[in-house]
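Values quoted throughout were computed directly from the atomic coordinates according to the rules given, and no laboratory measurement underlies them. Just so you know, these numbers come straight off a predicted model, no measurement behind them. Methodologically, a virtual Cβ is constructed for each residue, glycine included, from the backbone with ideal geometry; neighbour enumeration extends over all protein chains shown.
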Amino acid sequence: MSCQNKETIGVQGHRGCRGILPENSLPAFKKAVALGVNTLELDLAVSKDKKVVVSHEPFMSRFYCLDPNGAEIPVEKDTLLNLYKMDYEEIKQFDCGSKPHERFAEQENMPVYKPLLREVFTLADSLNRHITYNIELKARPEYDNIYTPEPKEFVTLVLQELSEKQLFNRCNLQAFDNRVLEEIKRQAPNMKVAMLVDEHEDIDEKLAELSFKPEIISPYYELLVKSDVKAYQQQGYKIIPWTVNEIDDMEVMIAFGVNAIITDYPNRLLPLLKH
């Protein structure tokens with residue numbers, strides 16, 4: 001693969017740069033922009049007072065959050081600490097960065113809170129006015145009205161944030177839940193969407209469930225083979241795999257010619273694309 005092609009592959013910082021700093025935190029987004037990512041990848045939940053909060057889970061995960069007193073969250077309690085049942089000011093009291101993450105030994109720990117989406121936009125845009133955003137709505141049918149709003153309200157709240165910041169042209173929205181993707185296209189037909197595909201799903205089957213053609217297919221990276229990448233691209237799709245953290249796997253995805261790579265370690269990926 002030529003260097004010219006390498007240089008066109010986008011680098012997306014997964015939850016900022018989870019391998020380096022606490023996930024979905026302002027320091028992680030700041031670091032990812034400083035490293036030189038093209039795109040910040042992040043996840044959304046909604047608070048009781050209808051604030052759009054950056055969080056991978058719609059609850060306080062015991063794996064990386066501590067309670068407002070700095071204590072561990074018991075195993076039986078984390079899913080009960082439901083963000084959709086908490087006002088944002090309460091959510092902000094939890095420290096989701098000081099606890100070492102068992103899967104990310106290189107991560108530097110520090111006290112952080114779950115920020116509002118608008119805070120991330122303000123910070124990142126102050127550092128790089130060209131940064132783009134890949135934003136996941138964390139929805140599931142079983143979450144409706146328990147952990148998250150139903151898709152219609154969830155999408156409306158997110159689109160309002162994008163509209164206020166005039167960011168429609170610098171972001172795409174993504175979801176595993178095809179109901180959310182259908183709702184995005186109903187409310188904002190020109191919004192680019194990414195269909196997320198997990199390791200237990202089939203790309204073609206999931207595409208067939210949609211009433212439209214998504215701009216981006218974003219599969220678990222091990223689902224991909226080179227011939228599939230080329231075939232999908234020839235059909236007009238962009239291919240953006242997740243979450244590619246080992247250098248050997250990054251090199252395979254680069255050789256496949258994917259459009260962008262989502263990684264917890266942009267510090268590992270960026271040098272590979274410069275050589």
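For the range 134-177 and the range 61-133, compute the distance between their C-alpha centroids and round to whole Å.
What the calculation gives is 18 Å, centre to centre.
For HIS130 and VAL75, what is the calculated FRET efficiency with R₀ set at 30 Å and r taken between the beta-carbons, to the nearest 0.05?
0.10
Based on the mean of other Cβ atoms within 10 Å per residue, sort peptides 111-124, 31-44 so the most packed one is first.
Result, highest mean Cβ count within 10 Å first: 31-44, 111-124.
If you fit an axis through the alpha-carbon atoms of helix 247-256 and take the longest principal axis of the Cα set of the chain, what angle between them do you get, 0 to 90°, nearest 10?
That works out to roughly 50 degrees.
Expressed as a whole percent, how much of the Cα-Cα distance distribution for the range 121-274 exceeds 28 Å?
For the range 121-274, the fraction of Cα-Cα distances above 28 Å is 23 percent.
What are the residues whose amide H is under 5 Å from the amide H of SER55, where those residues sit 5 or more places off or on another chain and H is modelled from the backbone?
ASP43, LEU44, ALA45
If the cut-off is 22 Å between C-alpha atoms, which lysines fall inside it for LYS238, apart from same-chain ones fewer than 8 positions away?
List returned: LYS6, LYS138, LYS185, LYS192, LYS206, LYS213, LYS226, LYS230, LYS274.
When a/c reaches 1.5 or more, the comparison of a/b and b/c decides; with that in mind, is the range 141-212 rounded, prolate or oblate per its Cα gyration tensor?
Here the range 141-212 falls in the oblate category.
Using the alpha-carbon atoms, what tilt in degrees (0 to 90, nearest 10) does helix 117-127 show relative to the longest principal axis of the chain?
60 degrees
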